[in-house]
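First up is the structure itself, then whatever we jot down about it.
The values are calculated or read from the model by the stated rules, or taken from the named source; none is laboratory data. As the structure is a prediction and not an experimental result, all values here were calculated from the model. Note: ideal-geometry Cβ built from the backbone for every residue, glycine included; neighbour counts use all protein chains shown. Accessible surface is based on the protein model in full, side chains and every heavy atom, while ligands, DNA and RNA are left aside. Shrake-Rupley method; radii C 1.70, N 1.55, O 1.52, S 1.80 Å.
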Amino acid sequence: MVATNVKAETMSLMDKRSALEAEMNAIITRLSQPGAPGHSGNLLDSEGFPRSDIDIPVVRAERRRLAELRNDHNEITEKINQNIQILHSARLGNRSSPFKNSGNDDGSDTQTSSTIDTVASMPSQIVLLRHSPNSMDVDVLVSRPFAMVDEIADASPAVEDGLQLGDQILKFGNVEAGDNLLQRLSSEAQSNVGCAVPVVIMRQGTVINLTVTPRTWQGRGLLGYACFLYHFVFCC
């Protein structure tokens with residue numbers, strides 16, 4: 001019963017997170033339109049006066065709302081990860097139980113065992129629970145993105161290689177969630193100039209594998225995009 005309740009709560013949280021992501025993507029798109037100031041661009045002109053080409057109160061409201069949504073997204077993602085750990089622990093407990101489960105003659109459940117082995121072998125940022133009749137399974141890839149693309153330049157390497165606004169980055173080359181992300185991301189890009197770098201992203205709830213190639217171009221950086229690293233903004 002506990003596992004069933006946790007699964008139901010987890011699925012509900014995933015729906016809420018998807019709704020947050022949709023609203024965040026919409027705001028990012030509006031802030032990134034041609035001539036718009038983006039999520040952190042200057043609202044003053046070159047002479048220090050408020051820009052007359054944008055609606056400053058609206059931009060400020062959009063930025064505040066985006067910050068609120070990001071905080072809510074982080075909290076929900078953390079709760080989802082906690083629930084997945086609860087489900088995982090419960091399944092490990094069931095596997096070690098002396099009572100037989102439906103499945104093989106020796107009391108083991110091949111599908112459950114396979115799924116647990118898959119989960120145990122994966123990094124902590126990505127947990128895969130397959131769908132089955134077991135109430136503790138979740139048919140979804142639950143991940144912990146460490147960054148989200150919220151600005152991207154036209155004709156940049158990032159655009160040409162397939163990145164889009166709102167993409168959540170799960171892995172960039174050898175970089176996953178953890179400490180010193182700024183230094184690790186910068187080093188990963190600079191050490192792979194001209195080389196394809198595998199990137200794992202989540203786009204509207206779907207995990208996608210891409211490759212991007214850091215390279216010089218007419219704009220700034222090696223890829224031409226900026227992403228939000230929870231507490232920082234990283235430009236590459």
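What to note about this one:
- Among residues of the stretch 15-54, those that are open to solvent by less than 80 Å² (accessible area, probe 1.4 Å) and part of a loop (DSSP other than H, G, I, E, B), counted: 13
- Considering the conditions (1) open to solvent by 50 Å² or more (accessible area, probe 1.4 Å); (2) of a type outside the set (Ser, Thr, Tyr); (3) not in a loop (DSSP other than H, G, I, E, B), His73 is excluded by exactly one of them, (1).
- The stretch 168-199 - residue that is out of contact with any Pro (no Cβ under 9 Å at 6 or more places or on another chain) and touching a residue at least 40 places away in the same chain (Cβ under 8 Å) and, of those, farthest from Arg215 (Cα to Cα): Leu181
- When the stretch 203-220 is limited to residues that are of a type in the set (Ser, Thr, Tyr) and over 19 Å from Gly166 (Cα atoms), the one that is least open to solvent (accessible area, probe 1.4 Å) turns out to be Thr213.
- Number of residues in the stretch 63-82 that are of a type in the set (Lys, Arg) and within 14 Å of Arg17 (Cα to Cα) equals 2.
- Taking the listed residues Ala61, Ala36, Ala26, the one that is of a type outside the set (S, T, N, Q), out of contact with any strand residue (DSSP E or B) (no Cβ under 6 Å at 6 or more places or on another chain) and within 18 Å of Gln168 (Cα to Cα) is Ala26, with no other qualifying.
- Selected residue (criterion: surrounded by the most Cβ atoms within 10 Å (Cβ to Cβ)) from residues of the stretch 148-189 that are hydroxyl-bearing (Ser, Thr, Tyr) and outside any loop (DSSP other than H, G, I, E, B): Ser186
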